[in-house]
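For reference, the structure discussed in these notes is given below.
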Amino acid sequence: MSVLEQIRRHRIVAAFRGVTQEQAVDTALALYEGGIRMMEITFDQTDPHKLRNTPEIINSIKERLGDRVHLGAGTVLAAEEALCAQKAGAEFLLAPNVNDAVIHKAKELGMGIIPGAFTATEIVHAYQSGADLIKVFPAGNLGIRYLKSLKGPLGHIPLLPMGGVDQNNLKDFLKVAEGVGIGSNLVDLSLIQNKQWTALSELAKEYTTQL
């Protein structure tokens with residue numbers, strides 16, 4: 001199943017940012033119990049050991065949950081990060097920008113690729129370069145009206161809005177996009193740091209019950 005097919009089926013990608021390796025598996029289990037089936041583990045670009053640490057998190061979740069979830073790597077800014085993520089078990093990549101080298105590496109590795117874009121020019125360029133979907137980022141700042149405007153001339157390009165998606169606007173975003181990416185509004189660091197796993201599962205259900 002392609003990443004586009006996965007997103008059309010599951011609709012939500014939960015983005016892990018700031019989740020430590022010690023917290024990652026429990027976080028993934030809690031989100032899974034809440035109905036989340038797609039997860040993005042982001043590279044921390046400030047971490048000098050990112051090429052080791054992020055793949056280790058991906059691998060630890062993969063070992064625990066196996067094929068029950070689809071795992072991706074996020075904030076992928078370089079081809080070497082794509083390779084490390086793929087070796088750890090990631091199926092797809094997300095980025096905040098359009099980088100042809102990353103897109104081409106993902107295609108070479110047989111991975112799904114979702115680069116981030118802001119303008120119509122960037123979106124078309126990314127799609128023509130081989131992207132499976134385009135992450136419209138930051139979606140909350142742009143608003144749903146902006147996405148609707150894009151879909152007029154660019155209705156053939158699948159979009160994944162990310163940034164600012166919450167329980168209140170989820171359904172509206174899903175009306176104009178294949179799915180959504182959700183970070184801290186779903187992967188709540190305060191709940192994670194306090195090991196409130198049941199509460200995190202319940203938060204996830206607030207989203208998944210709307211699908």
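What follows draws every value from the coordinates through simple rules; no lab data is involved. Since the model is a prediction, treat every value here as computed from it, not as a measurement. Because the Cβ atoms are built from the backbone with ideal geometry, glycine has one as well, and the counts that use them run over all protein chains shown.
Data overview
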{"item": "Nearest-20 debye value, the chain charge dipole, Cβ charges on Lys, Arg, Asp, Glu", "result": "520"}
{"item": "Inter-label distance, nm, simple model (7 Å from Cα along the C-beta direction), S184/T209", "result": "2.6"}
{"item": "Which listed pairs, of K151/K171; K105/K195; K87/K107; K87/K195; K135/K195; K50/K195, have C-alpha distances above 26 Å, in listed order", "result": "K105/K195; K87/K195; K135/K195"}
{"item": "Residues of the stretch 174-191 with amide N under 20 Å of the 7 Å Cα→Cβ point at M1", "result": "174-175, 177-182"}
{"item": "Potential lengthening between L77 and Q167 on full extension [0.36 nm per residue; Cα-Cα distance subtracted]", "result": "29.5 nm"}
